[in-house]
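Structure first, then comments.
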Amino acid sequence: MDDKTGVSSSLRETLERHRRGSESDGTLVLSDQEGYVGDTITLKGRNFPADESYDLLWNSTEGRWGVLEANEIVGPQYQPRTDTIATVRTDESGAFDEEWTVPEDYGGAHRIQVQNGDGNVVARAEFSITPWFEIDRTEAPLGEAFTITGYGIGPNVVTNNYQVSWDNGNVGFVTGVMNRGTATAEIRAVGPPGEHVIQVWRNYKGVPYLQNNTQSPYGPVAGGRQSVWTVEVTEPDDDPRTAWVDPLLDEKPMSVHYPELDADTEATLDISPTSGQAGTTAFLTGTDFPPETEVDLIWYRHEGHRVKGIPITPEAKPDVLPTVTTDEDGSFQVEIAIPREEGSTRPITAAVDGREVAVTGFMMQPSIETFAPVRGPVGTEIEIELSGIGWTIYENAPFFVYDNTPLGYVCGTAGDDKQGTVRAKLRAAGEPGYHFIDIYPSLFDMQEEKPEFDVRPHLSYLDNHPVRPLPALHMAFEVTEE
């Protein structure tokens, strides 16, 4: 029978079912309602129309760091994400079974939906990922590292960062903000040789919460899996390296940190390589400049003082780079040595008749300039100089850790007096033998208050640091007998 609008009751039912997503068209049941990344579960569909095709959808989030102008860190930010995990077809009884392996993704609850060919969701279920951690080995020579990998680290403010301890001392934090909840950290094997304990803690405000396995409303740190390991440090076959930096990546400069040009021309300025440490040999190449004309190459640094409220801006530094003359085609190429300077993007401009007409940049990476002495008795003063420490918030506060015990940070604040070098003096401590200084990236400041990531060693810096991966720096000091 038609209603007053002339729409039949059967059509109205069809439209209403379409509006609701036709959720009554079938049933979806999971073999398990919770589990870990890497588990295999079965998705069971029943009561659907026979011989019909459906997409199975996985609802999650995509995480990133909110960053302003490749400098100020707002905090973790997450957006909805939907993936198609399988396409299935029902049998003559309207059923399907689909085995599926839980992918690397954030911890917590996720919806799994059944979508028909019209794009309507006709059934749904929920699966919860429990975070868990694994260690690559439980025995390592002195000075090498144990690698911990966390899976299913959640976007929730309580579960999106974890603390790692060595012998009940807090080393630093790992987070899965990026990389879909997966994070890695290397923990130095420090002495004395013998058994030691590594433990992962969930935390509140950056401090390990000791009731995680007894009274936490979120349950144990890793569900029913291991989050504490007894490891053995063994005597090394060879003496450790004295000082080294993590392998450096090929990087591009960030144009957001370039100064504005005085004129818009066809001239271009390029540099090769685009990244490296102080002392790197690079080639500057210019094209489409006026022919047979002098071109001044201008090196820029960032000057100012964040704590004192002085804005940090790119400022020209004269007499660092040469003046060149273009050929008859308006081109040039010159070899330069990258000077010691603060890290991040170092702009380079080309000026003709006092007007800057082209710009490029070099991504300055950190290096160890001084580590001395390398051995001595307890109390020896150790001088450390680092160059290429950036002025941006995500890289200007490298944090010193001595034998897996955090000490404090140095600051790469812009300022002409530092010439890109930061200095620290430490005192040797511990029993005779080798002791290790690891310098990790940290975040000097973050606008969001929870969770607190500020000025703490960031152990998952390679796969979860804001803006760009940063290398850690490492040193070994030998404490000798008096």
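For region 339-378, a residue qualifies if it is hydroxyl-bearing (Ser, Thr, Tyr) and over 28 Å from residue 290 (Cα atoms), and the qualifying residues are 344, 367, 370. Each residue in region 363-402 was checked for being surrounded by fewer than 19 Cβ atoms within 10 Å (Cβ to Cβ) and not in a strand (DSSP E or B), and 6 of them qualify. Restricted to region 177-234, the set of strands (runs of 3 or more DSSP E) holding at least 1 residues that are acidic (Asp, Glu), at pLDDT 80 or above and surrounded by 13 or more Cβ atoms within 10 Å (Cβ to Cβ) comprises 183-188, 228-234. Residues that are open to solvent by less than 60 Å² (accessible area, probe 1.4 Å) and not in a loop (DSSP other than H, G, I, E, B) within region 85-113 comprise 85, 86, 88, 96, 98, 100, 108, 110, 112, 113, listed in sequence order.
Assess whether residue 117 counts as being more than 26 Å from residue 35 (Cα to Cα), assigned to a loop (DSSP other than H, G, I, E, B) and touching a residue at least 24 places away in the same chain (Cβ under 8 Å). Criteria met by residue 117. Looking only at region 266-290, residues that are open to solvent by less than 60 Å² (accessible area, probe 1.4 Å), among the polar types (S, T, N, Q) and under 19 Å from residue 331 (Cα atoms) come to 3 in all. State whether one or more residues within region 114-131 are closer than 19 Å to residue 404 by Cβ and open to solvent by less than 20 Å² (accessible area, probe 1.4 Å). Checking region 114-131: not a single residue is closer than 19 Å to residue 404 by Cβ and open to solvent by less than 20 Å² (accessible area, probe 1.4 Å). For region 294-309, a residue qualifies if it is touching a residue at least 24 places away in the same chain (Cβ under 8 Å) and open to solvent by 30 Å² or more (accessible area, probe 1.4 Å), and the qualifying residues are 294, 296, 298, 303, 305, 306, 307. In the set (1) touching an Asp or Glu at 6+ places or on another chain (Cβ under 8 Å); (2) outside any strand (DSSP E or B); (3) under 17 Å from residue 267 (Cβ atoms), the condition left unmet by residue 340 is number (3). Taking region 60-84 as the range and being buried (at least 16 other Cβ atoms within 10 Å of the Cβ) and farther than 30 Å from residue 258 by Cα as the test, the residues that pass are 60, 61.
Of all the numbered requirements in (1) more than 30 Å from residue 475 (Cα to Cα); (2) surrounded by fewer than 17 Cβ atoms within 10 Å (Cβ to Cβ); (3) among the polar types (S, T, N, Q), residue 349 misses one, and that requirement is (2).
The values are calculated or read from the model by the stated rules, or taken from the named source; none is laboratory data. Just so we're clear, the structure is a prediction, and the values are computed from it rather than from any experiment. Cβ atoms come from the backbone with ideal geometry, glycine included; neighbour counts cover every protein chain shown. When the accessible area is computed, the model is the full protein with side chains, heavy atoms only, and any ligands, DNA or RNA have been set aside. Shrake-Rupley method; radii C 1.70, N 1.55, O 1.52, S 1.80 Å.
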